[in-house]
Structure formats: C-alpha cells, structure tokens
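S.K.: Handing you a structure now.
The values are calculated or read from the model by the stated rules, or taken from the named source; none is laboratory data. It should be emphasised that the depicted structure is a prediction, and the values quoted were computed from it without experimental measurement. FYI the Cβ positions are ideal-geometry reconstructions off the backbone, even for glycines, and counts take in every protein chain you see.
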Amino acid sequence: MHGNYINNYPSHDWHPVEQDANKRAFMYFNENVDGFYDKNTNDNHGWDFQENPLNISGSFNRGEYVDYQNNNHILSLDKLGVSAKWYDIAGGAFIIPGIIIGFINSYHYNN
C-alpha cells in the first residue's frame, strides 16, 4: 500500500534505497578490500549481516547470509538495486520538474 511506510518496512534498514546502498557497499568491499570476504559471520570480520541486512529472500530476516563467492547469491542481489528512470535523468536539468520527480520517487519507494 502506497504511503504506508511504517507498516511496510519494519525499519529503515529494509527500505529499497537502503537495501540498494547495502548491496552496493557489500559488492564494493568484497571486490576491493583484500581479506574482506569471510564465511564466518560470528568473528567481526567482513560484512555485518545483522547491522546491514541484505533482504534477498524478502522475509526481513536480520543476519541472512549472502556468500560473495556463490553466483546464485550474487544474482539474487540484483532485485535489491534501485536505478534511475528516464524521467530522473531528464528532469534533473530543471528545478521544478526535479521537485515533482522527487515526490514521484518518494511515493514509489515509500510504498
């Protein structure tokens, strides 16, 4: 239901733009930081799936593990991405349409 942010997302951690940010950070650190990849989720190394959840199952479960070296897990991250639409790019050149586009995106992502 659109406009029902509090009931649709148990916390900000599950909001689409936050999930997109977590996905991007998870991929970046695993690709660019030596020794970041870690299968042991209890040793305070690598990605913290409790604090920065990745909701690949759609169940809002903190601690859901995503294995960077598992191709199926990485492919499942695709659904967490948020990308610019054509009107985001076209409207960015104009102030008033940009404000309207902001309201449209807020309505869309706060569903």
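S.K.: When you check Asn42 against the structure, is it part of a loop (DSSP other than H, G, I, E, B), surrounded by 14 or more Cβ atoms within 10 Å (Cβ to Cβ) and either free of Cβ contacts under 8 Å to residues at least 60 places away in the same chain or touching a Gly at 6+ places or on another chain (Cβ under 7 Å) (or both), yes or no?
M.R.: No.
S.K.: Right, something else. Name the single residue, out of those in region 87-102 being at pLDDT 75 or above and β-branched (Val, Ile, Thr), that is nearest to Asp20 (Cα to Cα).
M.R.: Ile101
To keep it simple, each residue is scored yes or no on (1) surrounded by 12 or more Cβ atoms within 10 Å (Cβ to Cβ); (2) over 24 Å from Tyr107 (Cα atoms); (3) among the basic types (Lys, Arg); (4) at pLDDT below 85.
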{"site": "Asn7", "(1), (2), (3), (4)": "no, no, no, yes"}
{"site": "Trp14", "(1), (2), (3), (4)": "yes, no, no, no"}
{"site": "Glu18", "(1), (2), (3), (4)": "yes, no, no, no"}
{"site": "Gly35", "(1), (2), (3), (4)": "no, yes, no, no"}
{"site": "Gly46", "(1), (2), (3), (4)": "yes, yes, no, no"}
{"site": "Phe49", "(1), (2), (3), (4)": "yes, yes, no, no"}
{"site": "Pro53", "(1), (2), (3), (4)": "yes, no, no, no"}
{"site": "Leu80", "(1), (2), (3), (4)": "yes, no, no, no"}
{"site": "Lys85", "(1), (2), (3), (4)": "yes, no, yes, yes"}
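S.K.: Give region 20-33 a look and list any residue that's acidic (Asp, Glu) and either surrounded by 14 or more Cβ atoms within 10 Å (Cβ to Cβ) or in contact (Cβ under 8 Å) with a residue 60 or more places away in the chain (or both), or say none. First the steps, then the outcome.
M.R.: If we filter region 20-33 for residues that are acidic (Asp, Glu), which is where we start, we get 20, 31.
Result: Asp20, single match.
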